[in-house]
Structures are given as C-alpha cells and as structure tokens.
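**Student:** Structure incoming, see below.
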Amino acid sequence: MTRRFAAAALWGCVFGAAALTPRGARAAEAFDGAITVGALPARLSGTWEIAFGDPPNGAAGLDTLRFLPVRVPATWQADAASRPELARNGIAWYRLRMDVAPALAATPLAFAVDQIRDADEAYFDGVLVGRTGRFPPAYDKGTLMGRVYELPATLTSRPGPHVLAVRVYNAGPRGAKPTLWTRSSTHPGTSTGT
C-alpha cells in the first residue's frame, strides 16, 4: 500500500490528505472554526487557536485554557502590537479542529511541519503522535528540524471531527522571532530553495 501523508506546515501547514475549507470563524473570544479535510494533501494554513501555559491534565485538559484565534503561518507575536496578549514567550498550545471525510478513512495520515521554534509535542485527539526537542528543565531546541508525525490509524479511520493540538516551547527573543514556516513560505533573510 502506498502511504499518503497529510502535510501540515504549522505556519504553513499541510495535512496529508485533503483540501481544507475554513468555516465557522467567529469573534476573537468565541472562535469555533474547523476545517474540512476531504482530499490530500490538505493545507492547514489559516486560523488556528492558541492558548498559553499548560493545563493541569496536559492535552486532556485543553478545554480549560483560554484559546484565541491566531494566524498560521506566522509567529504568535506577529500581531502583538494590536493584540498585547500575544506578546509573550514560554509554552503555548496551538489547536486546530478538523472534520475528516469518510473517503479518507483507509488513508494513512501524518502531520508534517518544516520547522517549529523551539521544541514541540503534537497530539491528535489527545494522543501524543510526535515530539522534537525537549521542554525545560532539560531544554533542547529542535528548531531546524523538519517534522513528520504519523497519525494513529485507529483514530484517523473514524471520519468526522478530530482535534490536532501542538504544544510549543519558545525560549524568547534571541535576535529573531519564534516562527514556524514551510519551504514554500517566505521568511525574511532565508532562501526557500523552491
């Protein structure tokens, strides 16, 4: 069987499998958007949700955090001039709600990202699917590493609503802003090579 991956560039995300259609965006405090993944590859760029800090129960407690809409691809600080609540560093959770079409039930899926600064853990429906770098106190950044996290077939084989959540640690300003982008995205001072 040929594997097809949903490529998601968090900050230019691609979710291996479908064309994504944004729907349901509301006001900043009440964002309840979702995308429909009906074909592959699916780009996950657009409006995600972001919350800062960690819930007491980890990924299972995400609903206890205060999520705000945020553009992806971009640094979370990109809109800080008009949205001071985004002017911070440390731990943040990105969340994307998606509906997976029944036609993709038999298709192996993965979340792929070219870069996340500095360390990350990715969860699909609350299940850890991959991590790069390490969070404090044993901090080790994985900034320049691409990620491809296979999603569990036991979950992706069920069509309908799913949640992709990415826990990110950003150590703070070091002369550049934390960001996540894909090779096809433009980033000042870098060559995309494609």
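Every read-out reported here was derived from the displayed coordinates using simple, explicitly stated rules and does not represent laboratory data. Please read all numbers here as calculations on a predicted model, not as lab measurements. With ideal geometry, Cβ positions are generated from the backbone for all residues, glycine too; neighbour counts draw on all protein chains shown.
**Student:** Write down the Å³ per residue value for the convex hull defined by the alpha carbon atoms of segment 14-170.
**Tutor:** 104
**Student:** Apply 1/(1 + (r/R0)^6) to the Cβ-Cβ distance of S157 and D63, taking R0 = 22 Å, and write down the FRET efficiency to the nearest 0.05.
**Tutor:** About 0.35, to the nearest 0.05.
**Student:** On to the next question. Using θ = phi - 60° and the Karplus form 6.51 cos²θ - 1.76 cosθ + 1.60, what ³J(HN,Hα) does each residue of segment 44-58 get, whole Hz, x for Gly and Pro?
**Tutor:** Running phi through 6.51 cos²θ - 1.76 cosθ + 1.60 with θ = phi - 60° gives 9, 5, x, 9, 10, 10, 9, 9, 10, x, 10, x, x, 9, x Hz.
**Student:** Right, something else. Sticking with the crude label model, points 7 Å out along Cα→Cβ, report the distance from A80 to A171 in nm, one decimal please.
**Tutor:** Each label point lies 7 Å from its Cα, and together they span 1.7 nm.
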